[in-house]
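The values are calculated or read from the model by the stated rules, or taken from the named source; none is laboratory data. The structure presented is a predicted model; accordingly, all values stated were derived computationally and were not measured. All Cβ positions, even for glycine, are placed from backbone atoms using ideal geometry, and neighbour counts span all protein chains on display. These area figures cover heavy atoms from the full protein model, side chains too; ligands, DNA and RNA do not enter into them. Shrake-Rupley method; radii C 1.70, N 1.55, O 1.52, S 1.80 Å.
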Amino acid sequence: MNSIFARRSIREFLDKPVESEKIDQILRAGMQAPTARNQRAWEFIVVTSQEDKEKVSQMSPFSKLAAKAAVLIILVGNKDKMTVPEKWQQDMGACTQNMLLQIVKEDLGGVWLGVYPTQERVDALKDIFNLPDNIIPFGVVCFGYSDKKNTFKDRYDESAVHWDKF
């Protein structure tokens, strides 16, 4: 699976729209992620409006790049769908990683902006998108075409591997 080894956080984007078929595949990849007891408590807000991207870019000092991405996907957890509420963050993390890998497969660049559990970021997204109380913002995936490429960088660290005991 070359996408795993090539994936990088890409933070610079070209002013070029992403085809709806690619956005669909990225969403589909996210929804293929495993979840605790198959709860699939995720929902997604696809953002292409420049006005909303600008608002998201003000969420934190690290989110400025959102204004330049072609597409943002806001990943949210729906409390009403949570059958294993203590595991929803793990489910959302797996979903996000699947999306990032599909972004590589689509020959795009992308980056994950962390939101939950930082309350100021959660509140910012709740305000921007007028989210009800049962919807919890988890993260933002920013993506688009880029001159920067996903390339292999060996991150294997043998000293972090322990066999049979620590």
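Taken one residue at a time, the phi angles of segment 122-132 give Karplus couplings (6.51, -1.76, 1.60, θ = phi - 60°) of 4, 4, 4, 5, 4, 5, 4, 9, 6, 7, x Hz. Gly and Pro are set to x.
In sequence order, segment 48-55 has phi-based couplings of 10, 5, 4, 4, 6, 4, 4, 4 Hz under the Karplus curve 6.51 cos²θ - 1.76 cosθ + 1.60, θ = phi - 60°, and Gly or Pro positions carry x.
Longest segment of the chain with no trypsin sites (Lys or Arg not before Pro) in a DSSP loop having at most 11 other Cβ atoms within 10 Å? My reading of the result: 1-148 is the longest stretch.
Taken as Cα centroids, segment 117-166 and segment 28-82 sit 10 Å apart, rounded to the nearest whole angstrom. For Lys64, the lysines whose Cα comes closer than 19 Å to its Cα, not counting residues fewer than 8 places off in the same chain, are Lys16, Lys53, Lys55, Lys126, Lys148. For Lys68, which aspartates and glutamates qualify as cross-link partners when the Cα separation must be under 16 Å and same-chain residues fewer than eight apart are set aside? Qualifying aspartates and glutamates at Cα under 16 Å: Glu12, Asp15, Glu51, Asp52, Glu54, Asp147. Run the accessible area of segment 1-128 with a 1.4 Å probe and give the carbon-and-sulfur part as a rounded percent. Carbon plus sulfur share of accessible area: 49 percent.
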